[in-house]
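Engineer: Would you mind keeping the following structure in view while I ask a few things?
The values are calculated or read from the model by the stated rules, or taken from the named source; none is laboratory data. Given the structure is predicted, the values throughout are model-derived calculations rather than measurements. Cβ coordinates were reconstructed from backbone atoms using ideal geometry, including for glycine residues, and neighbour counts include every protein chain displayed.
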Amino acid sequence: MGMPFLEVVDARAKYGEVEALRGATIHIDEGETVSIVGANGAGKTTLINAISGLVKLTAGSISFEGSVISGRSAHRLPGLGIVQVPEGRRLFARLSVDDNLRLGAYHPRARSQWVERRQQVLELLPMLADRLNQEAGTMSGGQQQMLALGRALMSQPRVLLLDEPSLGLAPIVVGQLFEIVKSIAASGTAILLVEQNVSRALQISDRAYALQHGTVIMSGSGVELLADPLLPEAMLGIASTEGSGRV
């Protein structure tokens, strides 16, 4: 086997005096879907934010295709193909759906192909095609989540980081969302998924890691973790269908 596509080694990160990551090590191979599960405050969002450059490590390293990326500015990472869909969507509410999609293709590699890419995104997310002129803030929560996903896909990601994509969505929309995530994965995009709907996340994951207090305590295939009798203990403090504030 060659080097991992994306690798996090002994990552440590702090918020003030609180250490949110305590030596976490994970890797993602090209085209894999990997889930990060754990209780509220386990360090899941800190880990995904560290990969996307929003949180700086105090120790350890993050590498992409053999090159160290920890320490790089967050706005440079989409140009490498590392793109995050943050919790809460963070859309430009007063701008149209189309303008939000265009803003997803801001780096030069994506900007030069944005028309073709938009067509691909609209084929995957047809519910956006009829709403291109609608203000993003007037759409339903599910539609906004699809737009946030579409905006990220405009950047032509090679690694897509999803932070709690199903949070607050109706069950029928959650089902649609996970089918779309599966389609994105089938196209060859690697996916790192932080998700409080643990059973659904593990069902679509090639591999998964369970975090506790900022370190990895379990890892294996999604099926293995789903069947592991120790998983409920690792998930103590989190429900399988809803979540709230987290580290």
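Engineer: Would you mind telling me which numbered condition in (1) touching a Lys or Arg at 6+ places or on another chain (Cβ under 7 Å); (2) buried (at least 21 other Cβ atoms within 10 Å of the Cβ); (3) not small (G, A, S) P78 fails?
Structural biologist: Status for P78: all satisfied but (1).
Engineer: Can I ask one more? Restricting the search to region 169-214, which residues are surrounded by fewer than 17 Cβ atoms within 10 Å (Cβ to Cβ) and over 24 Å from V121 (Cα atoms)?
Structural biologist: S199, Q203, H213
Rundown of residues vs (1) over 14 Å from V181 (Cα atoms); (2) part of a helix (DSSP H, G or I), yes/no style:
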site: G79; (1), (2): yes, yes
site: E87; (1), (2): yes, no
site: L103; (1), (2): yes, yes
site: Q144; (1), (2): yes, yes
site: A152; (1), (2): no, yes
site: P165; (1), (2): no, no
site: L169; (1), (2): yes, no
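Engineer: So how many residues does region 128-141 have that are surrounded by fewer than 19 Cβ atoms within 10 Å (Cβ to Cβ) and outside any helix (DSSP H, G or I)?
Structural biologist: 5
Engineer: Let me confirm something: among G88, G53, G43, G60, which residue is among the small types (G, A, S) and either in the same structural domain as G137 (by TED's automatic domain parsing) or surrounded by fewer than 14 Cβ atoms within 10 Å (Cβ to Cβ) (or both)?
Structural biologist: On inspection, the qualifying residue turns out to be G88.
Engineer: Tell me, yes or no, whether region 142-152 has at least one residue that is surrounded by fewer than 18 Cβ atoms within 10 Å (Cβ to Cβ), charged (D, E, K, R) and in contact (Cβ under 8 Å) with a residue 60 or more places away in the chain.
Structural biologist: Among the residues of region 142-152, not one is surrounded by fewer than 18 Cβ atoms within 10 Å (Cβ to Cβ), charged (D, E, K, R) and in contact (Cβ under 8 Å) with a residue 60 or more places away in the chain, which makes the answer no.
Engineer: Out of S73, S112, S166, which single residue is surrounded by 21 or more Cβ atoms within 10 Å (Cβ to Cβ), among the hydroxyl-bearing types (S, T, Y) and without any contact (Cβ under 8 Å) to a residue 60 or more places away in the chain?
Structural biologist: Matching residue, one of S73, S112, S166: S166.
Engineer: Return the residues of region 134-163 that are in contact with a Leu (Cβ under 8 Å, 6 or more places away or on another chain) and polar (S, T, N, Q); say none if nothing qualifies.
Structural biologist: Within region 134-163, Q143, Q144, Q145 qualify.
Engineer: Same structure, new question: From the list S63, S67, S35, which residue is modelled with pLDDT of 95 or more and within 17 Å of G214 (Cα to Cα)?
Structural biologist: S35 is the lone residue from the list that is modelled with pLDDT of 95 or more and within 17 Å of G214 (Cα to Cα).
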